[in-house]
Amino acid sequence: MEQIKQKEKKREPIDEVYYFRDGKEFRITENDEGLLSIVVKDGDKIIIDFERLLADGYKFVAEPYVRRLEQETGKKIWSDWQVDQNYKLVELGHFDGVEDILGLLHEIGHMHLDQNSKEQKIIKRITEKYQAYSKAHRFSWDEGLIAHKVIARQESVRERRAWAYAVEVMKNFKHLYGLDIKEVFPSFESLKIYINDALSSYREHYENLVSLDPNFEDELRRLFDKPNK
Ligand SMILES: [Zn+2]
């Protein structure tokens, strides 16, 4: 029994393929080191290699790669679907379909846009201050709440920007590669649902994001509806 349990728990390397209506493949493959190759193929021909969208030195990595790094460094690094700027990693878990191209582009958006951003500096400063206070047991709850609000506001700016990046890049895939975002997300509603699901593991849901950032939905809608070039 124990053995069966262990067998079930054993993680298989990621090797997934999803199809567009015209037969193009979205393929995610993990190698022995835990590095991921993510491509769209038309027959044998690779038409998009997402690696080309990475900033210098960044890698797409799966859990085993990050776990090894955690052992080496003694730090907690792994989290599904996030960007680690220190180690230049885009950490990815399983994909569910071609729609996750948008989620992938969202992470790529974080990679390009968050580093050294104003928001990041504010989050870092506030977090350090708040942690120092709480460590010394001298912080007041009011200050804590203000800190959380400031951080949430800054995070919402980052989220919004990364989603706008993802929608914009995916829209461009139509004239670049013949991949139509509207095949994947036929309506703006379906795009909203996807974004909300992606955010649901996170403290901010779509509605929260919109309330913190009232222009968020308008901006996304405009990008989504923008005629293709
Ligand atoms: Zn995000």
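The values are calculated or read from the model by the stated rules, or taken from the named source; none is laboratory data. All of these numbers come straight from a predicted model, not from anything done at the bench. Ideal geometry is used to build each Cβ from the backbone, glycine not excepted, and the neighbour counts take in all protein chains shown.
Within the stretch 18-29, being more than 18 Å from the chain's Cα centre (by Cα) and either in a strand (DSSP E or B) or of a type in the set (Lys, Arg) (or both) holds for Tyr18, Tyr19, Arg21, Lys24, Glu25. Entry remark, the stretch 199-229: residues being at pLDDT 85 or above and within 13 Å of the ligand (Cβ to nearest atom) number 1 in total. On the given criteria, is Lys182 assigned to a helix (DSSP H, G or I), closer than 12 Å to Glu99 by Cα and either more than 12 Å from the ligand (Cβ to nearest atom) or acidic (Asp, Glu) (or both)? Taking the combined requirement at face value, the residue satisfies it. Of the residues contained in the stretch 29-37, one or more are found to be of a type outside the set (Asp, Glu) and either in the same structural domain as Trp163 (by TED's automatic domain parsing) or touching a Pro at 6+ places or on another chain (Cβ under 7 Å) (or both). Screening Lys10 against (1) loosely packed, with under 13 Cβ neighbours inside 10 Å; (2) closer than 23 Å to Arg68 by Cα; (3) in contact with a strand residue (DSSP E or B) (Cβ under 7 Å, 6 or more places away or on another chain) leaves a single unmet condition, (3).
Conditions (1) β-branched (Val, Ile, Thr); (2) more than 19 Å from Glu16 (Cβ to Cβ), marked per residue:
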| site | (1), (2) |
| --- | --- |
| Ile47 | yes, no |
| Tyr58 | no, yes |
| Ile101 | yes, no |
| Glu107 | no, no |
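In the set (1) more than 16 Å from the ligand (Cβ to nearest atom); (2) out of contact with any strand residue (DSSP E or B) (no Cβ under 6 Å at 6 or more places or on another chain), Val66 fails one condition alone, (2).
Residue pairs whose Cβ atoms lie under 9 Å apart, sitting 6 or more positions apart in sequence or on different chains, and linking a residue in the stretch 106-133 that is within 19 Å of Val150 (Cα to Cα) and away from the ligand (no atom under 12 Å from the Cβ) to a partner that is modelled with pLDDT of 90 or more and not in a helix (DSSP H, G or I), are Gln115/Ala55; Gln115/Val83; Gln115/Gln85; Gln120/Gln85; Gln120/Asp114. Of the set (1) away from the ligand (no atom under 16 Å from the Cβ); (2) on the phi < 0 side of the Ramachandran plot; (3) within 18 Å of the chain's Cα centre (by Cα), all apply to Leu145 but (3). Residues in the stretch 64-109 that are exposed (fewer than 14 other Cβ atoms within 10 Å of the Cβ) and hydroxyl-bearing (Ser, Thr, Tyr): Thr73, Ser79.
Remark: Asp80 falls outside the filter, which requires a residue to be at pLDDT below 95, in contact with a strand residue (DSSP E or B) (Cβ under 8 Å, 6 or more places away or on another chain) and assigned by TED's automatic domain parsing to the domain that holds Trp163.
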